[in-house]
Amino acid sequence: MASHGVLRGSGVQPVTDQDRRREQQKIKEYKGLVDSVNDGIREHQFTNETLELTSKLLKWNPEYYTIWNHRRLILRNQFEHESLQGPEDADILRGEAVINIISDDLAFLVPLLRKFPKCYWIWDYRLWLLEESTRLLPALQARGFWQQELALVGKMLSLDSRNFLGWGYRRTVVSVLESTALQTERSSTDLIGQEFEYTTKMINSNLSNFSAWHNRSKLIPRLLDKRKADHGARRQLLDEELALIERALWAGSEDQSLWFYHQCLMCTFEPKYAAESMVPDLTQSERLIYVRDEIVKVRAMLDGAEDCKWIYQSLINLSLLYHKLDSTWFEEASHVNDYIDELVKLDPLRAGRWNDFKSQTMMLTNATGQHFLLQVTLLKTSNPVVSRLLSAPANITFWELHEASEACFGWTRNFIGEEESDFPKFMVVKGNTFEAERVESLDVLLDLVSEGGDSDVNTDGFPSMKYVRLHEVLNNFRFRENLINYAYDESFFHVIQVLGRSVGKPSDRIVCLGGQ
């Protein structure tokens, strides 16, 4: 069996009586060693002899984290002891002693790391030693330890390039080297750039290195900020990354890690993440061009790879993103439901998920001809109940729904010109408005106001009803099972229920079908 490309041992070998006796003897020695270490710590014998006992015990069992803590106590005692030496050349002597102690202990850990590369406690203890060097030594000497550590973790990753623990540790080492505490005249001025090139090197040696792709995604924003990149430089790096991942996908379209990085790059064109993306100031038309080009490129990968589910998933995400940006479909993006049908065949264990997803996307793809049957009921009125039944196109805005409701109920208030008015507004609420004692007590999932900041219903802001369309809320899985409260003003509250959906000829007219 192989893990990360490293062959592991095959099946369990039969145990003989001699093996059992040998194992029992080891257990006896192990327990005796544990008792000796614990007794020494309990009696505050923070000596080299006790330190040697912890070394022997940790070679047997590095997962025994309490022994690592005992070892910390012993070394702390030695550090403090060295600081109490005579006054003559005390700083030099103390520094040399601390360097020797830390160097010896770091060397002790290397064989353990080679044998147990994914033992958290070894990495954690090693990090503590390095932090002690920062605390006890001048910046130049402490930085030397951290730079050696960066070289060591590079060697470790060359042996197991996908060790996520090693990659996380590497990020920690780099962040410390960048800290002000370790800055000297010899400090590297472009450590982020060096790390970026390192990810390129590791990716070129193994495209399936998810940790390298992940690290690259974390480095890019920092690299651009450090270089104070303008719009042109950011666009250039984006184009280079898209070209890199395209070449990688053509070489290994079945590799999940490649598609994850591709999806990360596609977040650049998602309005919700625009401010934090590689190129935050892309225009709407530029985003559309990028997404359209990606759809065409990914669709071309189906030739000869019709059984790759990752291609279909990417096409679905890209098509929905294009529709979100433009509210229209072009030829390559109009087959989203066909892509889902292929996923059901290729991934039958998740057929329920894909079929449910299809029911949601069908509403989006058919939004141009979709209508909602809405019942708008005036809340808490005397019998008979006052309500109106409306047929509303899915593509109209909530402001248009407000104007239609105003006409259907015969309300005559003019909101135009009113300053800082809280009305009218629509609220998607969690709970039953008809049974609630107070409308204000219901949890509000979405608040559409007349003068909102944007049109994104997936943020925590207050989108404007003048831009948000009915299908964006009524077909959204976050809101579709909830009632909508429509506050005309402080006196008139309505409840909007979706009674049905239909697909017919495209229309922009709201029709009042009746009421009471």
Problem set entry | Number of positions in region 138-167 that are touching a Leu at 6+ places or on another chain (Cβ under 6 Å) and touching a residue at least 60 places away in the same chain (Cβ under 8 Å) | 0
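Residue by residue, here is whether (1) assigned to a helix (DSSP H, G or I); (2) under 28 Å from GLU342 (Cβ atoms); (3) β-branched (Val, Ile, Thr); (4) open to solvent by less than 70 Å² (accessible area, probe 1.4 Å) holds:
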residue: ALA275; (1), (2), (3), (4): yes, no, no, no
residue: MET278; (1), (2), (3), (4): no, no, no, yes
residue: TYR290; (1), (2), (3), (4): yes, yes, no, yes
residue: ARG299; (1), (2), (3), (4): yes, yes, no, no
For this session: Just give me the residues in region 130-164 being open to solvent by less than 30 Å² (accessible area, probe 1.4 Å) and either in a loop (DSSP other than H, G, I, E, B) or touching a Phe, Trp or Tyr at 6+ places or on another chain (Cβ under 8 Å) (or both), in sequence order.
Result: LEU130, GLU132, SER133, LEU137, VAL153, GLY154, LEU157, ASP160, SER161, ASN163
Exercise. Of (1) out of contact with any Phe, Trp or Tyr (no Cβ under 7 Å at 6 or more places or on another chain); (2) open to solvent by less than 20 Å² (accessible area, probe 1.4 Å), LEU223 satisfies all except one. Which?
Worked result: (1)
Exercise. List, please: which pairs have Cβ atoms under 6 Å, are six or more places apart or on different chains, and start with a residue in region 196-210 that is open to solvent by 30 Å² or more (accessible area, probe 1.4 Å) and end with one that is assigned to a helix (DSSP H, G or I)?
Worked result: LEU207/ALA248; SER208/SER257; PHE210/SER257
Seminar exercise, completed: Checked pairs for region 37-58, first open to solvent by 30 Å² or more (accessible area, probe 1.4 Å) and in a helix (DSSP H, G or I), second small (Gly, Ala, Ser) and modelled with pLDDT under 95, C-beta under 7 Å and 6 or more apart or across chains, list as LEU53/SER36; LEU53/GLY40
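Just checking, how many residues over region 247-269 are closer than 16 Å to SER217 by Cα and among the acidic types (Asp, Glu)? Even if it seems obvious, please write down each step before you answer.
Here is the first cut: in region 247-269, the residues closer than 16 Å to SER217 by Cα are 248, 256-269.
If we keep only those that are among the acidic types (Asp, Glu) as well, we get none.
Total meeting the criteria: 0.
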Problem set entry | Per-region count, region 303-314, residues out of contact with any Ser or Thr (no Cβ under 9 Å at 6 or more places or on another chain), within 15 Å of LYS345 (Cβ to Cβ) and not aromatic (Phe, Trp, Tyr) | 4
For this session: Considering only region 76-87, state which residues are assigned to a helix (DSSP H, G or I) and either polar (S, T, N, Q) or at pLDDT 95 or above (or both).
Result: ASN77, GLN78, SER83
Exercise. Are any of the residues in region 256-269 surrounded by 15 or more Cβ atoms within 10 Å (Cβ to Cβ), touching a Cys at 6+ places or on another chain (Cβ under 8 Å) and either more than 25 Å from LEU191 (Cβ to Cβ) or of a type outside the set (Lys, Arg) (or both)?
Worked result: no
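Of everything in region 338-378 that's of a type in the set (S, T, N, Q) and under 27 Å from the mean Cα position of the chain (by Cα), which residue is modelled with the lowest pLDDT? Quick ask: steps written out before the conclusion?
Of region 338-378, the ones of a type in the set (S, T, N, Q) are 355, 359-361, 365-366, 368, 370, 375, 377.
Pick out the ones that are also under 27 Å from the mean Cα position of the chain (by Cα) and you get 355, 359-361.
Working: ASN355: 84, SER359: 72, GLN360: 69, THR361: 72.
Restricting to residues being of a type in the set (S, T, N, Q) and under 27 Å from the mean Cα position of the chain (by Cα), the top hit is GLN360.
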Problem set entry | Unmet requirement for TYR261, which otherwise passes all of (1) over 24 Å from SER314 (Cβ atoms); (2) under 23 Å from the mean Cα position of the chain (by Cα) | (1)
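Considering only region 475-485, I want to know if a residue exists there that is charged (D, E, K, R), surrounded by 13 or more Cβ atoms within 10 Å (Cβ to Cβ) and modelled with pLDDT under 65.
Applying the first criterion (charged (D, E, K, R)) to region 475-485 yields 478, 480-481.
Then drop every residue that is not surrounded by 13 or more Cβ atoms within 10 Å (Cβ to Cβ), which leaves 480.
If we keep only those that are modelled with pLDDT under 65 too, we end up with 480.
There is at least one residue in region 475-485 that is charged (D, E, K, R), surrounded by 13 or more Cβ atoms within 10 Å (Cβ to Cβ) and modelled with pLDDT under 65.
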For this session: Determine whether GLU240 is part of a helix (DSSP H, G or I) and either in contact (Cβ under 8 Å) with a residue 12 or more places away in the chain or open to solvent by less than 60 Å² (accessible area, probe 1.4 Å) (or both).
Result: no
Exercise. What are the residue pairs meeting all of these: first residue in region 102-124, first residue β-branched (Val, Ile, Thr), second residue open to solvent by less than 80 Å² (accessible area, probe 1.4 Å) and outside any helix (DSSP H, G or I), Cβ atoms under 9 Å, and 6 or more apart or on different chains?
Worked result: ILE102/LEU137; ILE122/PRO62; ILE122/PHE116
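Which one of ARG235, ARG287, ARG247 is touching a residue at least 12 places away in the same chain (Cβ under 8 Å) and out of contact with any helix residue (DSSP H, G or I) (no Cβ under 8 Å at 6 or more places or on another chain)? Before you say what the answer is, go through the steps one by one.
On the way: ARG287 fails: out of contact with any helix residue (DSSP H, G or I) (no Cβ under 8 Å at 6 or more places or on another chain); ARG247 fails: touching a residue at least 12 places away in the same chain (Cβ under 8 Å).
Sole residue among the options that is touching a residue at least 12 places away in the same chain (Cβ under 8 Å) and out of contact with any helix residue (DSSP H, G or I) (no Cβ under 8 Å at 6 or more places or on another chain): ARG235.
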For this session: Please tell me if SER211 is in contact with a Phe, Trp or Tyr (Cβ under 9 Å, 6 or more places away or on another chain), in a helix (DSSP H, G or I), polar (S, T, N, Q) and within 21 Å of CYS119 (Cα to Cα).
Result: yes
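The values are calculated or read from the model by the stated rules, or taken from the named source; none is laboratory data. Since we're looking at a predicted model, the values are computed, not measured. Because the Cβ atoms are built from the backbone with ideal geometry, glycine has one as well, and the counts that use them run over all protein chains shown. Calculation scope for accessible area: heavy atoms of the full protein, side chains included, ligands and nucleic acids excluded. Shrake-Rupley method; radii C 1.70, N 1.55, O 1.52, S 1.80 Å.
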